Amino acid sequence: MTAKLILSLDGAILREYTVSKDSISIGRKHGNDIQLNDMTVSGRHALISTLVGNTYVEDLGSTNGTLLNGKRVRKLILKHGDIVQVGTHQFTFFCEDKAAYEPTMFIKAEIAETQLLPNTGDVDDEVRGMPLAGIRVLNGPMAKTVLELRKPFNTLGYKGIKMAMITRTNTGYTIFSIKGKKGRRATDTPLVNGKAINQDDRKLQDHDLIELAGFQMEFFIIR
């Protein structure tokens, strides 16, 4: 099957790119195949190239470097599930023949307009001094992806349907289920450590396991 790059920023999937060309340039300037509006990205930052069935990531002498699974690289072959970091953006490399990629699980930083949020504290500048947390995806096409929860409101969903929300306040992180039955299955109730959260908000603790529509994610404190 054709390999793909899934672009994400701050935990939100932005776009997917098919690796159908011999080379794909990534950078901040016009003329790149993938242009990123990111001041931490160099004009011509990195190159994704395919040769004899193998796909490589190559740093083009960028100022801030290119990371592969958290480590700086010059040029290395990509494997299914690898995470390429270019500036503040992440690319997940997908090339698994046994399962077709479906951009179903998503995490978006937003406010759900139709959902009444629980009273979890005021969202103000004090949040900036609180520990930063993230979610590590444990299975599926985005396995190994780390999504930082920097925003006050982070929506988790499946097939375009909002199913749960994680809020960040000056008292920590809280998760609760979003109402709605359209397109939902009985098994889609979000779980934390195996227990359904339903409409009750729940304070998240380091290493809690979140399950959502078959996807497993680990909540953890980054710093």
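The values are calculated or read from the model by the stated rules, or taken from the named source; none is laboratory data. All values reported here derive from a predicted model rather than from experimental measurement. Here the Cβ is made from the backbone with ideal geometry for all residues, glycine too, and neighbour counts use every protein chain on show. Heavy atoms of the whole protein, side chains included, go into the accessibility calculation; ligands, DNA and RNA do not. Shrake-Rupley method; radii C 1.70, N 1.55, O 1.52, S 1.80 Å.
Brief remarks follow.
- Here Ile48 qualifies as more than 19 Å from Val137 (Cβ to Cβ) and among the aliphatic types (A, V, I, L, M).
- Among residues that are in contact (Cβ under 8 Å) with a residue 60 or more places away in the chain, closer than 19 Å to Thr145 by Cβ, surrounded by 16 or more Cβ atoms within 10 Å (Cβ to Cβ) and of a type in the set (Gly, Ala, Ser), Ala12 is included.
Quick grid of which residues meet (1) within 23 Å of Arg150 (Cα to Cα); (2) open to solvent by 80 Å² or more (accessible area, probe 1.4 Å); (3) of a type in the set (Lys, Arg):
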{"residue": "Ser25", "(1), (2), (3)": "no, no, no"}
{"residue": "Asn37", "(1), (2), (3)": "yes, yes, no"}
{"residue": "Gly61", "(1), (2), (3)": "no, no, no"}
{"residue": "Lys75", "(1), (2), (3)": "no, yes, yes"}
{"residue": "Ile83", "(1), (2), (3)": "yes, no, no"}
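- Test for Thr50: is it open to solvent by 30 Å² or more (accessible area, probe 1.4 Å), over 24 Å from Tyr158 (Cβ atoms) and either at pLDDT below 90 or not in a strand (DSSP E or B) (or both): no
- Test: Glu102 is at pLDDT below 95, touching a Pro at 6+ places or on another chain (Cβ under 8 Å), among the charged types (D, E, K, R) and surrounded by fewer than 16 Cβ atoms within 10 Å (Cβ to Cβ): yes
- Against the test of being out of contact with any Lys or Arg (no Cβ under 6 Å at 6 or more places or on another chain), hydroxyl-bearing (Ser, Thr, Tyr) and modelled with pLDDT of 65 or more, the options Thr63, Thr114 yield a single qualifying residue, Thr63.
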